[in-house]
1. Can you tell me which residues in region B:76-109 are under 15 Å from the mean Cα position of the chain (by Cα) and over 17 Å from residue B:19 (Cβ atoms)?
2. Residue B:100 fails exactly one of the following numbered conditions: (1) more than 14 Å from chain A (Cβ to nearest Cβ); (2) touching a strand residue (DSSP E or B) at 6+ places or on another chain (Cβ under 7 Å); (3) farther than 23 Å from residue B:10 by Cβ. What is the number of that condition?
3. Taking the condition surrounded by 14 or more Cβ atoms within 10 Å (Cβ to Cβ) and modelled with pLDDT under 95, does residue B:99 pass?
4. Please go through region B:108-128 and give me each residue that is within 17 Å of residue B:73 (Cα to Cα), within 7 Å of chain A (Cβ to nearest Cβ) and crowded, with 24+ Cβ neighbours inside 10 Å, ordered by number.
């Protein structure tokens, strides 16, 4: 998944910066870098993506049917 | 699934940048320029029936240099006159004047104007800065509620 940052500017001038597909602490750094262009950070919300490890995890699951 | 940051915009720029945002915002709201950037103040209308309201923009600073600091921009629509200028402390302010309007109505119109100015300013600031940093904009849209969404690839 591509690493992207979405900036929403409401008609009232409120701004939200959201990261998409960026895992781990890197997502906060990326969002903060963009937020600092705009102004003063009011609040941060960390979602489950923050706690996900960077990189790929591969594995194999074998499902055996019952005879 | 993301990291979300809420930001309060800071409008810090010289007059030429701010006046461009004012122009774009006023155009979007149907206001037309009554006179260009004029040096000095004191263009207030005369007459007792004219109501006035003043709105100062928090988190703003009109920087010296470029277009100067004594300039102002006047726009009009339906008998409402809005004068954008820099106050004594250097903040952006808008003085609303109109006949047949209450102070509350003028304040509301002025507030909407300033919100539009903020949106225009933030949009241009973000787009300009992202270009300078070499971050490509991959998607841009204006939603039904006039929220502007810009999506960029992380660098």
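The values are calculated or read from the model by the stated rules, or taken from the named source; none is laboratory data. The structure displayed is predicted, hence computed values, not measured ones. FYI the Cβ positions are ideal-geometry reconstructions off the backbone, even for glycines, and counts take in every protein chain you see.
1. Just the residues of region B:76-109 that are under 15 Å from the mean Cα position of the chain (by Cα), to begin with: B:76, B:81-87, B:90-96, B:107-109.
Result: B:96, B:107, B:108, B:109.
2. (2)
3. Details: surrounded by 14 or more Cβ atoms within 10 Å (Cβ to Cβ): no; modelled with pLDDT under 95: yes.
Here the answer is no, as residue B:99 does not meet what is asked.
4. B:118, the sole residue that qualifies.
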